[in-house]
Amino acid sequence: MGTKMKWTINDSENLYRVKRWGEGYFEIGSNGNLFVTPDPNNTDMRIDFKSVVEEIKQEGIQFPVVVRFHDILRSQVERLNQTFQDTIKEAEYQGSYMGVYPVKVNQMREVVEEVVDAGAPFNYGLEAGSKAELLTVMALNTNTESLTILNGYKDQEFMRLALLSLSLGRKTIVVIEKFSELILLVKIAEELGIKPLVGVRSKMTVKGRGKWASSGGERAKFGLTISEIINAARYLEERGMKDSLKLLHFHIGSQLTDIRSVKESINEGAMIYSELHKMGFKLDYVDVGGGLGIDYDGSKSTNDSSRNYNMSEYVADIVFGMKQVCDLEQVPHPTLVSESGRAITAHHSCVITQVVGEIKAHSTGINTDVVAGEHVLVSNIRELVDIIDTHDNLQEIFNDASQFKEQALDAFKLRVISLEELAKIETLYWQIMESVQLKIQSADFVPEEMQELEFNLSSQYLCNFSVFQSAADTWAIDQILPVVPLTRMDERPTVNCSLVDITCDSDGKLDKFISDHGISDVLPMHSLKPKEDYFLGLFLTGAYQDVMGDMHNLFGRLNEVHIFSHDDDPEDFYIEEVVKGSSVDDVLSIMQYHPSSMAQTLKKSIDKHVASGKMKPREGVKWTDFYENCLKGYTYLKV
């Protein structure tokens with residue numbers, strides 16, 4: 001980026017990789033703004049993100065906000081189901097596909113309702129892994145043709161709810177995670193006189209690849225061994241429930257990075273299904289679990305934040321892999337089930353935050369002119385500034401400047417130089433480092449000790465959001481999320497920076513980014529202009545990030561804006577709903593505080609000051625109102 005050539009949107013595409021991770025939904029427009037195409041099949045409908053931001057401002061909605069594009073959510077549901085249908089037809093597969101959405105990935109009511117509605121033509125069902133999720137699924141998954149898959153550890157109440165769902169005509173399958181659950185389920189089923197639908201989860205020898213590889217294998221948290229699966233099948237047979245065993249389930253991990261692990265797991269799962277069928281247990285379904293990955297970093301590789309396949313390849317390996325084994329073993333093709341949540345939800349949601357300030361690595365504000373009697377250390381380092389443009393040996397300049405800076409710090413500790421002289425030396429040192437960094441950008445070889453200059457000289461952009469609430473995976477598991485400016489991408493970004501949030505925690509930062517050369521500690525951004533807002537988007541946050549945020553620093557849930565595309569609208573969209581984020585009294589109440597009592601306590605303190613004459617009555621009323629209004633207000637900064 002040291003070239004003087006005019007910056008283009010193609011340069012920004014190479015830098016931010018929008019098309020690579022955007023899956024056809026996001027791209028950089030010719031005006032330099034980020035555009036959204038909610039339905040890739042209708043490319044005439046394109047939404048300028050700047051227009052979305054402007055309308056959010058006009059509506060008086062405070063940033064940061066979560067923006068949901070419900071049409072993207074619907075598109076992903078349709079894309080997955082249609083891909084399975086098309087591949088099944090192409091392969092002449094004799095079974096069908098009945099997918100389920102795992103609500104743990106994003107339990108927000110608006111999301112689950114949209115998934116159910118978009119999936120209705122495909123009889124797309126839901127999966128629950130806890131009692132609260134089961135209660136939710138029972139209320140929302142009313143389509144008696146779709147599946148309800150129940151995973152996770154279960155107690156007596158869970159089993160009774162599952163049997164209630166079954167008695168209401170729902171296709172509710174209880175997946176057994178440990179053998180004792182089967183005994184409990186059969187006991188309650190016999191007591192209620194309701195015949196259960198049972199699935200067994202297999203502990204696979206195949207392991208996934210990526211951050212969640214430990215989800216599979218013999219040390220997996222969930223599932224039955226092969227001997228336990230056989231015992232479970234025979235136990236059902238002994239209890240007169242042989243035909244209750246309907247489903248084989250396996251799962252080798254979330255965000256599978258390598259397509260080879262998919263091929264291997266399908267082959268192993270198909271063999272288990274085939275053998276059970278030959279033993280007389282005529283299962284109807286094989287549930288391949290989740291794992292369909294997202295290319296977060298746009299590298300199309302086996303990096304933890306990527307995948308080396310696309311949705312079509314994933315589906316083809318499942319369908320053709322299952323068909324091949326079943327044909328060889330001469331058993332019927334089962335109905336295929338998958339639990340893809342990340343792939344369904346990730347793209348539809350993003351966090352929009354405003355940059356509220358720049359924290360520079362160093363200051364150059366102090367005057368460094370020559371003064372009479374200055375210490376030789378100041379003179380020496382100033383000489384380096386004077387000769388750097390004509391000096392060929394940058395390594396020598398770098399070494400000398402670093403040595404002078406170290407000597408200056410020691411001299412200050414020994415009171416040999418003054419604080420002002422130390423400040424001059426530091427200022428001159430950073431001027432030298434900036435010059436060195438500019439020169440080495442075009443160098444063929446950069447010495448190891450200079451390779452950290454880019455990071456050391458970078459700024460920090462202060463953003464109005466909380467990493468812990470809105471991007472929990474970046475902090476917890478080093479997940480890469482795409483970060484992109486919403487405007488000015490037809491301009492050269494001149495500031496290398498990392499992002500820091502407004503929490504009072506040093507871990508509240510983003511310092512791993514997609515870049516034109518892989519993953520970088522800094523991301524080039526545009527310089528901030530006075531009186532001009534600069535907004536950034538954190539993308540692919542629809543999976544897990546929406547629901548996993550904690551109450552760190554009591555920031556709470558963000559305001560949400562729900563966007564629907566509309567051809568007849570001049571901007572091709574409208575705001576369908578605004579969901580208010582957490583107020584201060586909301587988050588305090590969750591933490592067992594009593595905001596009304598707090599306000600009353602403060603009012604008493606103010607009244608005492610008024611009574612003693614330390615505060616005027618009118619001032620006291622204003623402060624009381626101010627405190628109460630702050631309790632009712634948004635937890636994030638007002639900028």
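Please treat every number below as a calculation from the coordinates, not as lab data. All values derive from a computational prediction rather than experimental measurement. Cβ: placed from backbone, ideal geometry, glycine included. Neighbour counts: every protein chain shown.
Which percent, nearest 5, of DSSP beta bridges in the chain are antiparallel?
Among the beta bridges of the chain, antiparallel pairing accounts for roughly 50 percent.
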For the table 242/278; 360/424; 154/263; 57/632, the rows whose alpha-carbon distance is greater than 24 Å are 154/263
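Give the value in nm², to one decimal: projected area of the alpha carbon convex hull of region 376-454, averaged over all directions.
Values: hull surface 20.4 nm².
Dividing the Cα hull surface by four gives the mean projection, 5.1 nm².
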With no solvent term and unit scatterers on the alpha-carbon positions of region 585-632, Debye gives log₁₀ I(q)/I(0) at q = 0.17, 0.22, 0.24, 0.33 Å⁻¹ of -0.51, -0.72, -0.80, -1.16
For the chain (alpha-carbon point model, no solvent) the Debye-based log₁₀ I(q)/I(0) at q = 0.07, 0.10, 0.11, 0.12 Å⁻¹ works out to -0.58, -1.00, -1.12, -1.23
Expressed in angstrom and rounded, the centroid-to-centroid distance over alpha carbons for region 346-421 and region 261-295 is 62
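Residue 57: net charge of surrounding residues, Cβ under 15 Å, Lys/Arg +1, Asp/Glu -1, itself excluded? All intermediate terms of the calculation are to be shown ahead of the outcome.
Values: positive: 50, 531, 638; negative: 48, 54, 55, 59, 532, 533, 571.
Local charge sum for residue 57: -4.
Tell me, what is the FRET efficiency for residue 413 and residue 362 to the nearest 0.05, using R0 = 22 angstrom and their Cβ-Cβ distance as r?
The calculated FRET efficiency here is 0.65.
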From the Cα centre of region 114-152 to that of region 12-29, the distance in Å is 33
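State, as an integer percentage, the relative contact order of region 585-632 based on alpha-carbon contacts under 8 Å between residues 6 or more apart. Walk me through the numbers before you get to the answer.
On the way: 22 pairs, mean separation 17.8, N = 48.
Normalised by residue count, the contact order of region 585-632 is 37 percent.
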Across 10 Å bins beginning at 0, the whole-percent shares of Cα-Cα pair distances in region 482-610 come to 9, 25, 30, 22, 11, 4, 0
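Rounded to two decimals, what ratio of Rg to Rh does region 299-379 give with C-alpha atoms and a Kirkwood Rh?
Numbers: Rg = 30.4 Å, Rh = 20.0 Å.
Rounded to two decimals, Rg/Rh equals 1.52.
Kindly rank 618-625, 261-268, 475-482, 232-239 from highest to lowest mean number of other beta carbons found within 10 Å of each residue.
On the way: 618-625: 13.8, 261-268: 20.8, 475-482: 18.2, 232-239: 16.8.
Descending mean neighbour count gives 261-268, 475-482, 232-239, 618-625.
Would you mind putting 164-175, 386-397, 81-92 in packing order, based on average other-beta-carbon counts within 10 Å, highest first?
Taking the mean over residues of other Cβ atoms within 10 Å, the ranking is 164-175, 81-92, 386-397.
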Expressed in angstrom and rounded, the centroid-to-centroid distance over alpha carbons for region 435-504 and region 34-66 is 25
1/(1 + (r/R0)^6) with r = Cβ-Cβ of residue 591 and residue 243, R0 = 56 Å, i.e. FRET efficiency to nearest 0.05, evaluates to 0.65
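Below 8 Å between Cα atoms, with a sequence gap of 6+, how large is the relative contact order for region 496-639 in percent? All intermediate terms of the calculation are to be shown ahead of the outcome.
Working: 134 pairs, mean separation 22.6, N = 144.
So the answer I get is 16 percent.
Divide, for region 230-345, the radius of gyration over alpha carbons by 2.2 N^0.38 Å, where N is the residue count. Before the final figure, lay out each step's value.
Details: Rg = 15.9 Å, N = 116, 2.2 N^0.38 = 13.4 Å.
After normalising by residue count via 2.2 N^0.38 Å, the value is 1.19.
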Once normalised by the length of region 1-84, the mean sequence separation of its alpha carbon contacts under 8 Å that are 6 or more apart gives a contact order in percent of 18
A student applying the Cα gyration tensor rule (rounded when a/c is under 1.5; otherwise prolate if a/b is larger than b/c, oblate if not) would label region 147-193 oblate
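Using a cut-off of 12 Å between beta-carbons, work out the net charge of the residues near residue 377 (Lys and Arg +1, Asp and Glu -1, residue 377 not included). Each step should come with its number before you reach the end.
Working: positive: 382, 405, 424; negative: 374, 383, 400, 406, 410, 421, 426.
Within the 12 Å Cβ shell, the charges total -4.
Using only DSSP helix segments of four residues or longer, with each worth -39500 (n - 2.57), what per-residue ellipticity at 222 nm results for the chain after dividing by its residue count and rounding to 500?
Numbers: 22 runs with 259 residues, N = 639.
Only helices count here, giving -12500 deg cm²/dmol.
Would region 14-158 count as rounded, prolate or oblate if I go by the C-alpha gyration tensor, calling it rounded below 1.5 in a/c and otherwise prolate when a/b exceeds b/c, oblate otherwise? Walk me through the intermediate numbers first.
Values: a/c = 2.60, a/b = 1.46, b/c = 1.79.
Taking the square roots of the gyration eigenvalues as a ≥ b ≥ c, region 14-158 is oblate.
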Nearest 10, in degrees from 0 to 90: the angle of helix 376-387 to the longest Cα principal axis of the chain is 70
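How would you order 451-459, 114-122 from highest to lowest mean count of nearby Cβ atoms within 10 Å? The partial results should precede the final answer.
Details: 451-459: 15.6, 114-122: 19.1.
Ranking, from highest mean packing down: 114-122, 451-459.
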